[in-house]
């Protein structure tokens, strides 16, 4: 990016030099062709002054662009550092989630063993008051025969809870229409 600005600056300077050289030679040719009593209409001092003003403006603009480039580079490195920090935090969170999932799975496995060994009516009385997502996780890991007996007892105690639990265990699928 900086190279483009420098090359543009040198391009402007080259153009100015060519202009001055052309102006110099053309003024010599004009003075030889026309008698010395006629003055050229171009005021060289005014042109030089305008060119100097333009050069100063370009120099100022170059300084401004260099400052902006430095600011952008600082912002870019700040963003890169923040991205690294976020990725580090994300990695830590992923590790904790994996650890928690392992702990939760172990606890669910223990509950499956416990409720599988309990009488269906007693298990239903306890599970009916448990969070439905936890109950769903327990039922998904139970043997279907044991889960069915407990679910049957749950239906007798709270049919709505048993229905919602069944919906979580077996999500509804969209019916398909078969045309013959």
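No value in this document is a laboratory result; all are computed from the given coordinates. The shown structure was predicted, so the numbers you read here are calculated from the model rather than taken from an experiment. A quick note on method: Cβ atoms are made from the backbone with ideal geometry, for glycine too, and the neighbour counts reach across all protein chains shown.
Things worth noting here:
- With each label modelled as a point 7 angstrom along the Cα→C-beta vector, the residue 44-residue 93 pair spans 7.2 nm.
- Placing dummy labels 7 Å off each Cα toward the beta-carbon, the span from residue 58 to residue 163 is 8.3 nm.
- Calculated on C-alpha atoms, the gyration radius of segment 118-169 divided by its Kirkwood radius gives an Rg/Rh of 0.89.
- In terms of packing, defined here as the mean over residues of other Cβ atoms within 10 angstrom, the peptides 114-125, 77-88 line up highest first as 114-125, 77-88.
- Nearest-0.05 FRET efficiency for residue 100 and residue 65, computed from C-beta distance (R0 45 Å): 0.30
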